[in-house]
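Visitor: Take this structure first; my questions come after.
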Amino acid sequence: IREQLNETPQPASWNLLDAGLQTCTRCPLHGPATQVVPGTGPRDAALMIVGEQPGDAEDSLGQPFVGPAGQLFDRLAAQAGLDRDAAFVTNAVKHFKFKHGTKRRIHQNPNRSEVQHCKFWLDTERALVKPKLILALGATALASLTGDGNGLLKRRGQIEAAPDGTPIFVTVHPSYLLRLPDHESAAAETAFTQDLRAATNHLA
Ligand code: URA
């Protein structure tokens, strides 16, 4: 399957990308999800921000990073002087993955196969946007972009390269900050804001 995917030519236009995403059946996640969540933002953005996958709110609204992790990201990005509206914001995986709890849908991490299948779309977005810098939020984004998501905390704050040479600034995912105990969250938010500021400076 991997070989077949790699051989499939990537859609050469935004229209083909949009149509392909809306009808994607490359992995089983399209079935239970409400809708696909494509990347949003200027199509010639200098900065591309890559998260993991849509959550509950994103699945309902069809937009990336609009739920709790997105709101935290927006708050810290504003402090860092990073203009989210000027960036193309997307995810490594474009459908929400969840299991049903008693009251709500519970987010599940995408597996390697789902990330690998959806890489086709992320690669297509990258090829169309041609960003100067990619901000990888967390291990799933890093795995999709570089082929290796291990050792995130050691790689954090560094610039790596995608296979085509595009620089990738590595940092943690904002939902990691949301999961920390209260006494750790202020320092972690400061460190994340510093990463966002460093990434923004790299673009200047
Ligand atoms: N987390 C992500 O990785 N992406 C989103 O779009 C929302 C939450």
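Visitor: Only one of these is more than 15 Å from the ligand (Cβ to nearest atom) and of a type in the set (K, R): R105, R112. Name it. Walk me through it before giving the result.
Guide: Details: R105 fails: more than 15 Å from the ligand (Cβ to nearest atom).
The conditions single out R112.
Visitor: Counting just the residues of the stretch 181-204 that are among the hydrophobic types (A, V, I, L, M, F, W, C) and touching a helix residue (DSSP H, G or I) at 6+ places or on another chain (Cβ under 6 Å), which one comes out surrounded by the fewest Cβ atoms within 10 Å (Cβ to Cβ)?
Guide: Let us first name the residues in the stretch 181-204 that are among the hydrophobic types (A, V, I, L, M, F, W, C), namely 186-188, 191-192, 196, 198-199, 203-204.
So of that shortlist, the ones also touching a helix residue (DSSP H, G or I) at 6+ places or on another chain (Cβ under 6 Å) come out as 188, 192, 196.
On the way: A188: 17, F192: 24, L196: 24.
Residue satisfying both the conditions and the ranking: A188.
Visitor: List every residue pair whose Cβ atoms lie under 8 Å apart, where the two residues are 6 or more positions apart in sequence or sit on different chains, the first residue falls within the stretch 16-31 and is surrounded by fewer than 16 Cβ atoms within 10 Å (Cβ to Cβ), and the second residue, located anywhere, is assigned to a loop (DSSP other than H, G, I, E, B).
Guide: D18/P38; A19/P11; Q22/V36
Per-residue answers, yes or no, for (1) touching a Cys at 6+ places or on another chain (Cβ under 8 Å); (2) at positive phi:
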| position | (1), (2) |
| --- | --- |
| F88 | no, no |
| I106 | no, no |
| W121 | yes, no |
| T124 | no, no |
| G147 | no, yes |
| D164 | no, no |
| V170 | no, no |
| L180 | no, no |
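Visitor: Among the residues of the stretch 115-164, write down those that are charged (D, E, K, R) and either within 14 Å of the ligand (Cβ to nearest atom) or assigned to a strand (DSSP E or B) (or both). Working first, answer last.
Guide: Going residue by residue through the stretch 115-164, those that are charged (D, E, K, R) are 119, 123, 125-126, 130, 132, 148, 154-156, 160, 164.
E125, E160 - these are the residues of the stretch 115-164 that are charged (D, E, K, R) and either within 14 Å of the ligand (Cβ to nearest atom) or assigned to a strand (DSSP E or B) (or both).
Visitor: Could you list, ordered by first residue, the pairs with Cβ atoms under 8 Å in which the first is in the stretch 47-60 and on the phi > 0 side of the Ramachandran plot and the second is more than 8 Å from the ligand (Cβ to nearest atom), at least 6 apart or interchain?
Guide: Filtered contacts from the stretch 47-60: no entries.
Visitor: Would you call L145 within 21 Å of V36 (Cβ to Cβ), surrounded by 22 or more Cβ atoms within 10 Å (Cβ to Cβ) and at pLDDT 95 or above?
Guide: Values: within 21 Å of V36 (Cβ to Cβ): yes; surrounded by 22 or more Cβ atoms within 10 Å (Cβ to Cβ): yes; at pLDDT 95 or above: yes.
Against the criterion (within 21 Å of V36 (Cβ to Cβ), surrounded by 22 or more Cβ atoms within 10 Å (Cβ to Cβ) and at pLDDT 95 or above), L145 qualifies.
Visitor: Return the total of residues in the stretch 164-180 being in contact (Cβ under 8 Å) with a residue 12 or more places away in the chain and surrounded by fewer than 18 Cβ atoms within 10 Å (Cβ to Cβ).
Guide: 5
Visitor: If you don't mind, another one. Which residue is nearest to the ligand (Cβ to nearest atom), if the candidates are limited to the stretch 44-85 and must be part of a helix (DSSP H, G or I) and over 16 Å from the mean Cα position of the chain (by Cα)? Talk me through it step by step, then tell me what you get.
Guide: Going residue by residue through the stretch 44-85, those that are part of a helix (DSSP H, G or I) are 56-61, 68-80, 84-85.
Subsequent filtering for residues that are over 16 Å from the mean Cα position of the chain (by Cα) retains 60-61, 75-76, 78-80.
Details: S60: 12, L61: 10, R75: 14, L76: 14, A78: 17, Q79: 19, A80: 18 Å.
Going through the qualifying residues, I end up with L61.
The values are calculated or read from the model by the stated rules, or taken from the named source; none is laboratory data. Source: prediction; values computed, not measured. Glycine also receives a Cβ, built like all others from the backbone with ideal geometry; neighbour counts cover every protein chain displayed.
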